Amino acid sequence: MNKPDIDLTHIIRWSSQFRPDVPDINRDGKITEADNNVACGWTCKQILKESGFNPPDSSGKVDAVVYGKDKALVKAPTWQEAVDTLHANCDAHKPTIVGVNRGAMNVGNLNPATNHYVVIVGRRYNIITGKYEYPFYDVGTHHQELGTHASQFFALDGRGIWSGASRYANAIYTITEVRKTA
């Protein structure tokens, strides 16, 4: 039996990581555009707070994908726990912050494959593909219509890991970690 569709877009307000209240994230003693460029995780947490949810901290992280041999993305040993965490958040009608990989760079996150964060705002079952889809908000743009575009969603790809296209970045994102929403 399929899990029910969940749509949180009516209660979760999108925000850009290029907001005026971004703090000194890179801890260089001043607030500059460089802070905005790395504010995706902070912004995702702000989205949850502003929507009435308690954002998770890094201790609530469950890896879905990690770097394997030759820097290839492979399922993490905690893959099933990540699946269960995502479904538990959806079943409780809670948004989910997920780390994603959108290229091969390592930016120093706990999971080196993670180099951006987005917010999953629902779950739906696609009867044509037979797969669950997870719509997401991308905070990495100034433009709400791109950050919340209806064609942005994650689904299992041919490798058996979640991937989806970002409208603003014109890139494929792969979910690398899932955070439990309190």
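For the reader, a short list of remarks on this structure follows.
- Of the trypsin sites (Lys or Arg not before Pro) found in the range 1-48, those in coil by DSSP whose Cβ has at most 14 other Cβ atoms within 10 Å are Arg13, Arg27, Lys30.
- This structure gives Rg and Dmax of the Cα atoms in Å, computed directly, and of [x] 15.4, 53; [y] 16.6, 47; [z] 17.4, 64 that value is listed as [x].
- Taken one residue at a time, the phi angles of the range 157-164 give Karplus couplings (6.51, -1.76, 1.60, θ = phi - 60°) of 9, x, 8, x, 10, 6, 9, x Hz. Gly and Pro are set to x.
- Backbone N under 18 Å from the Glu81 label point (7 Å along Cα→Cβ), restricted to the range 43-65: 56-65
- Based on DSSP H segments of at least four residues, each scored -39500 (n - 2.57), the chain has a per-residue ellipticity at 222 nm of -5000 deg cm²/dmol.
- The distance from the alpha carbon centre of the range 105-148 to that of the range 36-85 is 10 Å, rounded to a whole number.
- Probe 1.4 Å, accessible area per residue of the chain, Å²: 50 Å²
- Between Ala150 and Asp21, the simple spin-label model (points 7 angstrom out along Cα→Cβ) gives 3.1 nm.
- Restricting attention to the range 20-80, the count of lysine pairs at 8 or more positions apart or across chains with alpha carbons under 26 Å apart stands at 8.
- Note on Ile127 and Ile11: their simple-model spin labels are 2.6 nm apart, each label 7 Å out from Cα toward Cβ.
- Prolate/oblate/rounded call for the range 89-182, Cα gyration tensor, a/c under 1.5 rounded: rounded
- Anisotropy class of the range 39-123 from Cα gyration tensor, a/c 1.5 cut: oblate
- Surface composition of the chain: carbon and sulfur atoms hold 53% of the protein heavy-atom accessible area at a 1.4 Å probe.
- Cα shape, the range 1-68, gyration tensor, a/c 1.5 rule: oblate
- For the chain, the relative contact order comes to 27 percent (Cα pairs under 8 Å, sequence separation of at least 6).
- Cut-off under 5 Å, modelled amide H: who pairs with Ala64 long-range: Glu177, Val178
- Amide hydrogen proximity for Ala171: with H placed 1.01 Å from N in the peptide plane, the residues at 5 or more positions away or on another chain lying under 5 Å are Ser166.
- Inter-label distance, nm, simple model (7 Å from Cα along the C-beta direction), Asp157/Asn54: 3.5 nm
The values are calculated or read from the model by the stated rules, or taken from the named source; none is laboratory data. Fair warning: this is a prediction, and the values are worked out from it, not measured in the lab. All Cβ positions, even for glycine, are placed from backbone atoms using ideal geometry, and neighbour counts span all protein chains on display. The accessibility values were calculated without ligands, DNA or RNA, using every heavy atom of the protein model including side chains. Shrake-Rupley method; radii C 1.70, N 1.55, O 1.52, S 1.80 Å.
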